[in-house]
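Read-outs throughout are calculated quantities, based only on the coordinates presented, and are distinct from any laboratory measurement. Quick caveat, the model's predicted, so the values are computed rather than measured. Methodologically, a virtual Cβ is constructed for each residue, glycine included, from the backbone with ideal geometry; neighbour enumeration extends over all protein chains shown.
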Amino acid sequence: MKAVILVGGKGTRLYPLTLGTPKAMVPILNKPFLEHMISYLKKYDILDIVLAMGYLPDPIQSYFDDGSEFGVRITYLVEDKPLGTGGAVKNAEFLLEEPFFVFNGDVLTEIDLGNMARVHRETGTSVTMALTPVDDPSLYGVVETDTSGMVKQFMEKPSRDEAPTNMINAGIYIIEPEILGRIPSETFFMVERELFPVLLEEGQSISSYASDAYWIDIGTTDKYLKVNHDLLSREDLSSPCLQSDNDTSHHEAMIEGPVLLGKNCALGENVRIKGPAVIGDKCEVGDNATVEGAIVWQNSKMGRSSLLENCIIASNCHVGDNCHISSGCVLGDSVVIGDGSNLAQQTLVWPGHYLRCT
Ligand code: GTP
């Protein structure tokens, strides 16, 4: 089966990280998010991939090219204006002759796509959607089903009391191509609001595939941090996991817990890194600095005696000496933080900014 992956959104909830980097290229464990997704699809022999793009398509295209290096075939479609989740799939109609998968391009999951395809074949519906349980359904599109798994109703962001279930739309669908006739061309259209509920109203059946396999959407900075921590904490990565090449120099750094260290990094004396944490390629951590739970993209520098806690530092940043970057802080690309600065929790600093607090 082919897969259409929707990667055209602006990812505003991940600002400032996504101001210069499309969500699909945001690194998870030092690899673009989309590379993880492609590995997942390959496990199910899904090798023909259509990337429906809009916002910042060039970095995606230049990294993945025709997909051959990653073992898949990629076709790129770039929208002149945002077409929404439905309009983007309609745009790919000429490439879709058989039932196909659609993926929101910000979901990392282990949902079993083979079983989902089997449910689709057995139920014979035009649409099958994956469902996943969440603790707080009030932030999502909730999907109620009957005992045989057929969708009964959709509720968009219900209050916790109103939500009839905690099962939500996981952003993965199997769709029969003829249903694309229901979507207008070159028009902004959302399948979640304008197609699926309408099919139900008309009495058409939509089947579901509920799974409690790992599922997370990386749409917010909290969840971006969580997905990195989750993956690092898995048993299949040994702990501590110092993935440095011999190119990385570290003077007896104290590394605790799962830490992923990129290539060509330089760690000063008495550096302490407490996982789960990720340091990108070509980063420098100054003497006596401490990094705890932080995710640092490539080519960033942390000054001497600085403390970074559960924060996200994008590429090419420079954190000065004796700084404290607290939990939940996010520095966009190329941010400079002056010596002795103290960033309160959840501070967002936009790309190109220079903060000097001393
Ligand atoms: P926010 O601005 O933070 O809400 O993020 P977003 O723009 O990515 O929107 P959202 O998370 O709701 O989108 C879900 C998925 O659909 C993401 O993978 C988006 O890239 C994708 N998407 C949203 N709108 C479009 C669009 O107009 N065209 C395409 N091709 N993809 C879209």
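Inside segment 6-27, can you point out the residues that are closer than 14 Å to Leu108 by Cβ, part of a loop (DSSP other than H, G, I, E, B) and either of a type in the set (S, T, N, Q) or near the ligand (Cβ under 8 Å from one of its atoms) (or both)? Hit for segment 6-27 is Val7, nothing else. Is it the case, given these coordinates, that Met53 is crowded, with 22+ Cβ neighbours inside 10 Å and within 13 Å of the chain's Cα centre (by Cα)? Taking the combined requirement at face value, the residue does not satisfy it. Checking Ile174, Ile179 one by one, the residue that is surrounded by 15 or more Cβ atoms within 10 Å (Cβ to Cβ) and not in a strand (DSSP E or B) is Ile179 and no other. Checking each residue in segment 28-37 for being hydrophobic (A, V, I, L, M, F, W, C) and either part of a strand (DSSP E or B) or within 14 Å of the ligand (Cβ to nearest atom) (or both) picks out Ile28, Phe33, Leu34, Met37. For Ser185, the stated conditions hold: it is within 15 Å of the ligand (Cβ to nearest atom), small (Gly, Ala, Ser) and either over 19 Å from the mean Cα position of the chain (by Cα) or in a helix (DSSP H, G or I) (or both).
Total residues in segment 3-28 satisfying the condition of being surrounded by fewer than 20 Cβ atoms within 10 Å (Cβ to Cβ) and in contact (Cβ under 8 Å) with a residue 40 or more places away in the chain: the figure is 5. Going through (1) within 14 Å of the ligand (Cβ to nearest atom); (2) closer than 29 Å to Pro164 by Cβ; (3) basic (Lys, Arg) one by one, Lys81 falls short only on (2).
If you go through segment 39-58 and keep only what is within 14 Å of the ligand (Cβ to nearest atom) and at negative phi, you end up with Ile49, Val50, Leu51, Ala52, Met53, Gly54, Tyr55, Pro57. Residues in segment 59-73 that are within 14 Å of the ligand (Cβ to nearest atom) and either crowded, with 18+ Cβ neighbours inside 10 Å or small (Gly, Ala, Ser) (or both): Ile60 only.
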